[in-house]
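Report on the following structure.
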Amino acid sequence: MLNKDRLLRDNRLCKALVGLSLEELKTLSAHFSSCYLTYRKNNRGAHQRKMGAGQKGFLPTPLDKLVFILLYLKCYNTRRRNKMYSGKKRQTTGKVVMMTDETRRVGFLSLSKNGRRHDKRLLDKADIVRHITSTVTVWADTGFQGINKQHPKLPKKATRKTPLSPEQKKENKLISGIRITVEHAIAGIKRLGCMTQSLRNRRPFIDDTFILLSAGLWNFHLRRD
């Protein structure tokens with residue numbers, strides 16, 4: 001059984017179980033409590049009882065609820081698998097298009113799609129490139145060949161007949177060094193178990209909810225640094 005009081009005293013344990021430091025959890029808890037109480041007031045319906053009356057649940061306080069949500073996202077219980085899981089393929093994958101800035105902050109997430117879809121096709125479906133002005137430089141990997149007509153900062157892609165020259169390899173290395181902030185952001189999002197383990201939830205669009213929460217927590221973590 002989880003001892004919440006112990007978790008709130010141990011910064012290392014807090015990071016391991018919920019993915020946030022004690023200071024970050026305290027700050028987020030204040031925002032969460034305010035939003036939760038507002039939600040409760042606006043969704044009471046025709047209830048006659050005073051808010052908070054009646055039998056108390058297992059998670060009586062907003063902090064208890066927040067810790068439970070973060071613990072679920074971070075550790076992500078491994079008992080049940082999604083019914084779409086394939087024993088033959090060993091895994092199922094999803095894919096999103098993500099955009100970050102130079103500070104590793106996530107600024108855009110597309111809806112998740114089947115992992116077999118090509119990156120460029122997914123980007124076209126999101127219809128985001130045409131909204132990026134020509135004054136903004138886009139650094140992308142070779143999976144997005146085709147957008148270089150609008151934003152030409154893509155690595156050169158070698159083929160069997162045309163290998164890369166030393167100059168092209170040097171340019172690719174420079175682009176990769178700039179684009180690495182995206183990989184850092186992806187690694188930050190994957191600190192939560194719900195982003196690295198097999199999806200075992202049946203609720204529609206729960207994968208989009210998970211990645212949105214994970215990206216939001218990552219941006220919150222960056223803002224606290």
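The values are calculated or read from the model by the stated rules, or taken from the named source; none is laboratory data. Predicted model only: the values in this text are computed from it and were never measured. All Cβ positions, glycine included, derive from the backbone under ideal geometry; neighbour counts span all protein chains shown.
Of everything in region 109-137, what is in a loop (DSSP other than H, G, I, E, B) and either among the acidic types (Asp, Glu) or touching a residue at least 24 places away in the same chain (Cβ under 8 Å) (or both)? Give them in sequence order.
If the condition is that a residue be in a loop (DSSP other than H, G, I, E, B) and either among the acidic types (Asp, Glu) or touching a residue at least 24 places away in the same chain (Cβ under 8 Å) (or both), then Leu111, Ser112, His118, Asp127, Ile128 are the ones that fit.
For the structure I just gave you, tell me whether Val138 is within 19 Å of Gly188 (Cα to Cα) and surrounded by 13 or more Cβ atoms within 10 Å (Cβ to Cβ).
no
Considering each residue of region 142-194, count those that are of a type in the set (D, E, K, R), in a helix (DSSP H, G or I) and surrounded by 13 or more Cβ atoms within 10 Å (Cβ to Cβ), and give that number.
4
Taking the conditions exactly as written (in a loop (DSSP other than H, G, I, E, B) and closer than 30 Å to Leu25 by Cβ), does Arg223 satisfy them or not?
No.
Does Leu37 count as over 23 Å from the mean Cα position of the chain (by Cα), at pLDDT 85 or above and at negative phi?
For Leu37, the condition - over 23 Å from the mean Cα position of the chain (by Cα), at pLDDT 85 or above and at negative phi - is met.
Here is a list of conditions, (1) exposed (fewer than 13 other Cβ atoms within 10 Å of the Cβ); (2) in contact with a helix residue (DSSP H, G or I) (Cβ under 8 Å, 6 or more places away or on another chain); (3) modelled with pLDDT of 90 or more, and Ile211 meets all of them except one; can you say which number that is?
In the conditions (1) exposed (fewer than 13 other Cβ atoms within 10 Å of the Cβ); (2) in contact with a helix residue (DSSP H, G or I) (Cβ under 8 Å, 6 or more places away or on another chain); (3) modelled with pLDDT of 90 or more, Ile211 misses (1) alone.
I'd like the full set of residues that are in contact with a Gly (Cβ under 9 Å, 6 or more places away or on another chain) and modelled with pLDDT under 80, limited to region 92-117.
Across region 92-117, the qualifying residues are Thr92, Thr93, Gly94, Asn114, Gly115.
Taking into account only those residues within region 9-29 that are farther than 15 Å from Ile69 by Cα and free of Cβ contacts under 8 Å to residues at least 40 places away in the same chain, which is surrounded by the most Cβ atoms within 10 Å (Cβ to Cβ)?
Restricting to residues being farther than 15 Å from Ile69 by Cα and free of Cβ contacts under 8 Å to residues at least 40 places away in the same chain, the top hit is Leu22.
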